[in-house]
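Here is the structure we will look at, set down as structure tokens.
Since every read-out is calculated from the coordinates, none of them should be taken as a lab result. It should be emphasised that the depicted structure is a prediction, and the values quoted were computed from it without experimental measurement. No Cβ is skipped: glycine too gets one built from the backbone with ideal geometry, and neighbour counts run over all protein chains shown.
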Amino acid sequence: MKSLENISTIYFLGIGGIGMSAIARYFHANGKLVMGYDKTPTQLTKELQEEGIDITFKEEVNKLSAQLKDKEHTLIIYTPAVSKENLLYQYIIEHNFSILKRAEILGLITKDIPTLAVAGTHGKTTTTAILAHILKQCGVQLTAFLGGISENYQTNFINDGNEAVVVEADEFDRSFLQLSPNIASITSMDADHLDIYGSKNELENSFREFVAKVPNQEDLFFAEGLNLQGNSIGFSSDSDYVINDISIHNGSYFFNFKTPHEVLKEIEFSLPGKHNLMNAAMALAMAIKFGVDSAKAKHSLASFIGVRRRFTYHLRTGDKVLIEDYAHHPSEINAVYQAVREMHPNKKVLAVFQPHLFSRTQDFANEFATSLSPFDAVMLLEIYPAREKPIAGINSKMLLDKIDNEQKSLIDRELLIDKIKEASAEVVLLLGAGDIGDEVQKIKIALNHES
């Protein structure tokens with residue numbers, strides 16, 4: 001691999017991905033010529049274009065060959081989500097361009113900077129965003145690669161300096177093994193990505209490989225109940241770091257946080273759900289370990305707004321609530337259920353779910369059914385395929401049949417707004433990691449008109 005200093009042009013295959021776009025922003029901010037391809041335009045690709053990055057949405061080999069004339073000083077960065085059958089990918093391989101996976105380039109960028117890495121099958125995006133917010137508010141000159149859009153900064157990339165780098169450590173395709181973390185956390189190790197790992201045991205082995213990369217186990221934090229060595233965080237008094245004395249006032253949590261060295265009292269945090277209290281505590285512990293003042297760190301939590309598509313309120317009137325959440329795993333749906341029941345007790349809640357990936361739906365069909373059944377009503381859209389081809393017999397009808405709920409239905413996208421209005425729910429949840437978010441504004445307008 002040529003030195004990054006000698007690279008003047010960087011082309012991203014799959015630039016619209018949340019992780020890819022953060023790295024594109026990094027190189028753009030550092031004076032490189034950044035271009036890229038993605039399959040479809042999104043809000044994120046629009047924002048990148050407005051920042052001056054050229055993006056194409058067609059597999060135009062002639063345009064690509066014109067853009068990449070200086071092969072010696074060009075680097076290609078790609079995501080495995082881009083098909084090997086993609087014509088641009090094939091051209092790049094045939095012409096022997098220097099090419100790296102997203103994870104490999106992230107490892108190169110961060111290897112000589114103190115790295116705080118957040119891993120876990122759920123919770124890592126929110127935890128990473130909270131951690132970056134705490135450090136920034138405490139005056140640390142940091143670089144942050146986030147797996148979601150921080151509502152505080154309206155970006156997934158922070159570019160203040162190199163005192164520290166905060167990075168979401170993605171387990172997909174074992175990407176996080178490319179990182180060199182100095183301080184790390186594990187939010188969860190639930191079975192997921194079984195199309196990659198084959199079994200939960202293999203997934204856990206990969207997490208243990210990641211943990212082994214942390215030089216000192218005292219610099220590792222993990223959710224209570226995980227079989228790891230380091231600092232456990234949780235609600236149990238047996239944990240090394242304990243969340244307790246929780247109360248809710250005006251829609252915000254207040255809690256105490258007992259560390260091995262002190263007790264931080266009356267911490268305010270506004271994201272709903274016990275899982276988000278865990279995320280906040282994890283980020284707080286990592287920030288304090290890095291060396292920021294604990295009182296300042298505690299205070300900064302109160303000003304954290306959230307991450308786009310993570311329990312995001314789009315409508316919150318007296319009789320209508322519309323919430324969007326990225327939940328695409330049964331454990332995440334369970335967490336959303338707990339949060340919505342706590343924040344909106346005794347309200348009729350409709351969950352509209354778009355399953356993500358045929359393989360995940362197949363692997364966790366029974367668990368999805370169990371997590372969706374307790375809502376007052378459930379609507380399913382068809383499966384969002386992302387990178388996958390269909391699997392025979394795996395569809396939303398199969399999942400619907402397993403759900404134990406009398407108010408359940410499979411909905412055509414074109415009829416979604418009408419069916420939501422007919423359901424007369426006080427709280428509407430839009431759940432999924434696919435393109436269900438494209439419907440949010442239309443649904444918001446329709447519900448606003450009703451209220």
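Using Cα pairs under 8 angstrom and six or more residues apart, how large is the relative contact order of the chain, in percent? Can you show the working numbers first?
Details: 898 pairs, mean separation 50.9, N = 451.
Worked out over the chain, it gives 11 percent.
Could you please state, rounded to a whole Å, how far the C-alpha centre of the stretch 85-108 is from the C-alpha centre of the stretch 1-68?
The distance from the Cα centre of the stretch 85-108 to that of the stretch 1-68 comes to 12 Å.
Report, as a whole number in µm² per second, the diffusion coefficient that Stokes-Einstein gives for the stretch 98-215 at 25 °C and 0.890 mPa s using the Kirkwood radius over alpha carbon pairs. Each step should come with its number before you reach the end.
Numbers: Rh = 14.4 Å.
D, rounded to a whole number, is 170 µm²/s.
So which chymotrypsin sites (Phe, Trp or Tyr not before Pro) in the stretch 215-265 end up in coil per DSSP with only 12 or fewer other C-beta atoms within 10 Å?
On the way: sites: 221, 222, 235, 241, 253, 254, 255, 257; in loops: 235.
When the chymotrypsin sites (Phe, Trp or Tyr not before Pro) of the stretch 215-265 are filtered for loop state and at most 12 Cβ neighbours within 10 Å, nothing remains.
Can you tally the net charge around residue 92? Count Lys and Arg as +1, Asp and Glu as -1, for every other residue whose Cβ sits under 12 Å from the Cβ of residue 92. Present the calculation step by step, with values, prior to reporting the outcome.
On the way: positive: 71, 84; negative: 59, 94.
Surrounding charge for residue 92 is 0.
Holding the Cα-Cα limit at 26 Å, pick out from 200/258; 58/124; 347/444; 58/111 the pairs that are longer than that. Don't skip to the answer; put the middle values down first.
Details: 200/258 32 Å; 58/124 32 Å; 347/444 18 Å; 58/111 34 Å.
Distance filter (> 26 Å) returns 200/258; 58/124; 58/111.
If each of residue 438 and residue 29 carries a label point 7 Å out from its Cα toward its Cβ, how far apart are those two points in nm?
Here the modelled spin labels are 3.0 nm apart.
For the stretch 39-164, report the translational diffusion coefficient in µm²/s to the nearest whole number, using Stokes-Einstein at 4 °C, 1.567 mPa s, and a Kirkwood Rh over Cα pairs.
Details: Rh = 17.0 Å.
The Stokes-Einstein estimate is 76 µm²/s.
So if I restrict to the alpha-carbon atoms in the stretch 204-343, what is the Rg, and what is Dmax, the biggest pairwise distance, in Å?
16.1, 52
Return the ratio Rg/(2.2 N^0.38 Å) for the stretch 264-311, where Rg is computed over Cα atoms only. Display every interim value, and only then the final one.
Values: Rg = 10.8 Å, N = 48, 2.2 N^0.38 = 9.6 Å.
Its radius of gyration relative to the 2.2 N^0.38 Å reference: 1.12.
What net charge is computed for the residues neighbouring residue 379, neighbours being all others with C-beta under 9 Å from the C-beta of residue 379, Lys and Arg scored +1, Asp and Glu -1? Write out the running numbers ahead of the final one.
On the way: positive: 408, 419; negative: none.
Summing Lys and Arg as +1 and Asp and Glu as -1 gives +2.
Between residue 295 and residue 50, what is 0.36 nm times their sequence separation minus the Cα-Cα distance? Round to one decimal in nm.
84.4 nm
For the stretch 313-390, take every pair of Cα atoms, bin their distances at 10 Å starting from 0, and report each bin as a whole percent.
With 10 Å bins starting at 0, P(r) equals 16, 51, 25, 8, 0.
Stretched out fully, how many nm does the piece from residue 70 to residue 202 gain, at 0.36 nm a residue minus the Cα gap?
Details: separation 132, 0.36 × 132 = 47.52 nm, distance 4.17 nm.
Gain on extension, residue 70 to residue 202, equals 43.4 nm.
Could you calculate the FRET efficiency of residue 268 with residue 423 from 1/(1 + (r/R0)^6), where r is the beta carbon distance between them and R0 is 35 Å, rounded to 0.05? Write out the running numbers ahead of the final one.
Details: r = 35 Å, r/R0 = 0.99.
For R0 = 35 Å, the calculated efficiency reads 0.50.
Send over the semi-axes of the stretch 108-169's equivalent ellipsoid, whole angstrom and largest first, taken as the square roots of 5 times the C-alpha gyration tensor eigenvalues.
Numbers: eigenvalues 52, 41, 18 Å².
Over the Cα atoms of the stretch 108-169, the ellipsoid semi-axes are 16, 14, 10 Å.
How large is Rg/Rh for the stretch 373-451, to two decimals, with Cα atoms and a Kirkwood Rh? Walk me through the intermediate numbers first.
Details: Rg = 13.5 Å, Rh = 13.8 Å.
With Rg and the Kirkwood Rh in hand, the quotient comes to 0.97.
In whole Å, what are the extents of the chain along the principal axes defined by its C-alpha atoms, from largest to smallest?
Principal axes ranked by extent give 63, 56, 42 Å for the Cα atoms.
Write down the Å³ per residue value for the convex hull defined by the alpha carbon atoms of the stretch 289-436.
143
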